[in-house]
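Scroll down for the structure; my scribbles are underneath it.
The values are calculated or read from the model by the stated rules, or taken from the named source; none is laboratory data. Model, not experiment: these values are computed from the prediction. In this analysis, Cβ positions are derived from the backbone assuming ideal geometry, glycine residues included, and neighbour counts consider all displayed protein chains. Accessible surface is based on the protein model in full, side chains and every heavy atom, while ligands, DNA and RNA are left aside. Shrake-Rupley method; radii C 1.70, N 1.55, O 1.52, S 1.80 Å.
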Amino acid sequence: MELDYTRHPGFAGHKAVHIFYDKDTGLLAIVAIHNDDLGTALGGTRMLPYTDFGAALTDVLRLSKGMTNKAAMAGLNQGGGKCVLIGDPKTMKTPELLRALGRKLNSLDGKFITGEDVNISVADIERVAEETPFVAGRSEAVPGGSGDPSIMTALGVLHGIRAALKHRYGDDSFKDRTVAIMGVGKVGFRLARLLHQRQARLVFSDSDPHMVERALTEFSGARQVSVEEIYDQECDVFAPCALGSILNGETIPRLRCAVVAGAANNQLATPEDGHLLHARGISYAVDYVIN
């Protein structure tokens, strides 16, 4: 059955969707270009074992639109785009697959520039760059390379939380404020470190036991709970730093925080869920602004 992605409710407003497949490497990728009115569409590449093609399409359409919003808020002459790779990064992410992605991106003639996102590292982007110039976030050893973007993302989110605390409490100090972090991967771990250095109390969750152990080892006094329990923690700030669509009609009533401010993209499952946060008196630092 042929998929007509233009019928997808998330397609509205998009310029183009490109589907790439490479039999030899197992590459299956979707690139969505939401907007390029002000300049080339920019957005990272993520790799996840999506349950099906439809789930991957939904994700890439939401993410590419979010990138347009980010570029607008940052005052950049860039548009929004995104690339998702369908597959388990632990078993399918090979140098050959990444180079195949680079060759496929060349077919877009520079209409899309990509970089790091979930499960894609600086080293992975260097592999992609072996075949295409249309990448950002290359190693700092390369002229013009900016390195791992998670460092700056975490710092930006820290200042976003500071602004949210100031707005809510009239005081932007982190000392003795409790922050519940959902996900201590690249950005979440760096954010936790910055908060810990500023004497915030940390509660965190992560589905990866290695990430949990690393956080417990580094952050004395931090408390770990399960991914499901993180919503129920009494805290000043709930910081989603994993995947999106986690704030919805089931989870929002469980929150025991004054502020939601984190690094994850597309935290709201639907736009209407923002109204649910407002109705509960929870201040929301919008994801495409704070990260």
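Listed conditions (1) more than 30 Å from Ser173 (Cα to Cα); (2) outside any helix (DSSP H, G or I); (3) charged (D, E, K, R) are all met by Asp148, apart from (1).
Looking across region 115-158, the residues that are surrounded by 15 or more Cβ atoms within 10 Å (Cβ to Cβ) and among the β-branched types (Val, Ile, Thr) come down to Val118, Ile120, Val122, Ile125, Val128, Thr132, Val135, Thr153, Val157. Being in contact (Cβ under 8 Å) with a residue 40 or more places away in the chain, touching a helix residue (DSSP H, G or I) at 6+ places or on another chain (Cβ under 8 Å), assigned to a helix (DSSP H, G or I) and open to solvent by less than 20 Å² (accessible area, probe 1.4 Å) holds for only one residue in Leu191, Leu195, and it is Leu191. For Ala180, the requirement of being touching a Phe, Trp or Tyr at 6+ places or on another chain (Cβ under 8 Å), modelled with pLDDT of 95 or more, at negative phi and not in a helix (DSSP H, G or I) is met. Looking only at residues in region 214-236 that are of a type in the set (D, E, K, R) and part of a strand (DSSP E or B), the one that is surrounded by the fewest Cβ atoms within 10 Å (Cβ to Cβ) is Glu234.
Output the residues belonging to region 227-256 that are touching a Ser or Thr at 6+ places or on another chain (Cβ under 6 Å) and not aliphatic (A, V, I, L, M). Within region 227-256, Tyr231, Cys235, Asp236 qualify. Say whether the condition of being open to solvent by 80 Å² or more (accessible area, probe 1.4 Å), part of a strand (DSSP E or B), modelled with pLDDT of 95 or more and not acidic (Asp, Glu) is met by at least one residue in region 198-212. Scanning region 198-212 turns up at least one residue that is open to solvent by 80 Å² or more (accessible area, probe 1.4 Å), part of a strand (DSSP E or B), modelled with pLDDT of 95 or more and not acidic (Asp, Glu).
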